[in-house]
1. With every protein chain present, what is the per residue accessible area of the chain (1.4 Å probe, Å²)?
2. Express in whole angstrom the spacing between the alpha-carbon centres of region 205-257 and region 306-323.
3. Cα axis of helix 288-301 to longest principal axis of the chain: angle in degrees, 0 to 90, nearest 10?
4. No solvent, one uniform scatterer per C-alpha: report log10 I(q)/I(0) for region 50-152 via the Debye equation at q = 0.18, 0.19, 0.20 1/Å, two decimals.
5. When only the heavy atoms of the protein chains count and the probe is 1.4 Å, how do 60, 125 rank by accessible area, highest first?
6. How do 257, 40 stack up against each other in accessible area, from largest to smallest, with a 1.4 angstrom probe?
7. Over region 36-117, what is the relative contact order in whole percent, taking alpha-carbon pairs under 8 Å and six or more residues apart?
8. Gain in length, residue 277 to residue 64, computed as 0.36 nm per residue apart minus the alpha-carbon separation, to one decimal in nm?
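The values are calculated or read from the model by the stated rules, or taken from the named source; none is laboratory data. Computed from a predicted model, the values in this text were never measured in an experiment. In this analysis, Cβ positions are derived from the backbone assuming ideal geometry, glycine residues included, and neighbour counts consider all displayed protein chains. Just the protein is used for accessible areas: all its heavy atoms, side chains included, with ligands, DNA and RNA removed. Shrake-Rupley method; radii C 1.70, N 1.55, O 1.52, S 1.80 Å.
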Amino acid sequence: MTDHNTPPRFPLGFFPTPLHRLHRLSGRYPDYQLFIKRDDQTGLASGGNKTRKLEFLVGEALAQGCDTIVTAGAQQSNHCRQTAAAANVAGMACHLLVRGAEPKEYTGNLLLSKLLGATIHFCGEEIRAEHSTALLQELRASGRKPYHTPVGGSTLTGALGFAEAARELKEQLESMQLQMDYIVFASCSGGTQAGLLLGKALYGLEPSLLPVSIEKTGLGSQALEETVMAIAEEGRGRLGIGKAFDPEDLALVRGYDEAGYGVLTRAEKEAIRELAALEGIFLDPVYTGRAFHAMTDMLRSGRIEPGSNVLFWHTGGLPANFHYGNQLL
Ligand SMILES: *Cc1c(COP(=O)(O)O)cnc(C)c1O
């Protein structure tokens, strides 16, 4: 995927990320073989799935001669933290538009973004288009060349990182002589899911995707399904994939997103404890805790066919645990 249709990849992480069996967890769900893909170990400022997207986003920004990255997110955004780190590696400035008011105490991801030196703009209840438009204008007026990427870095350029990840996984499974039936992962701004869909089509990756919806309402006015379809269809054109995507190809696992974004329930707390207790691996309270709970619930209910090999794609998020603190106990 290094032809003229795709931006250059700027190296930021350690790839391939490890893939390994979860021995003790598989013992608890004996009808299944359970595995994990460790994107919590991408290596950039405590890791996570945004590192893959940022390799292409930063690559494109540099190719366009930009010197500043602008992005947006929640205060505990893993994407903002990784973008701040990526900007440092590339020698660029970073401006973050975040929801809410400046807190008295910086914690978790917000603390790390601050330590990384990003300029943080607090936007109140809602981050609107005017916020980014005004900031971009201001930066241009002061002689900077900003590169703007939306919440989660979920543009086609960002999603290319996960099309590449599909190729990485395919090669890894072949060299380990493993076959997976399902891949379970958290889906929220859609770039991870759209990228994996594109990569499946491009490289013939076999397992079915089980993307777990994290935020019930989607971003802005668009349902997550529409966002994923829009990125995937744009990518199909750009990458020359013949067959159109079917709405069925992007079916989300719904029903675990009822509590709302970032709301910690028993489900996430138990998931974090379960994986920590059995495998010494930390999930996060917002994304992977919720997706992992969905997976174990589908294992218990048999909604995932017994006898399957199931891969949990760990997308990171560790620092948010230090924001939620004692609520996790
Ligand atoms: C952003 C994020 C996701 C969701 O990925 P999208 O591409 O936004 O759907 C999942 N897990 C973690 C830890 C994240 O930070």
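1. Numbers: 13930 Å² over 329 residues.
That works out to 42 Å² for each residue.
2. Centre-to-centre distance over Cα atoms comes out at 19 Å.
3. 20 degrees
4. -0.79, -0.88, -0.97
5. 125, 60
6. On the way: 257 0, 40 25 Å².
Sorted by accessible area, descending: 40, 257.
7. Details: 102 pairs, mean separation 23.5, N = 82.
It comes to 29 percent, rounded to a whole number.
8. On the way: separation 213, 0.36 × 213 = 76.68 nm, distance 4.67 nm.
Extending this stretch completely gives an extra 72.0 nm.
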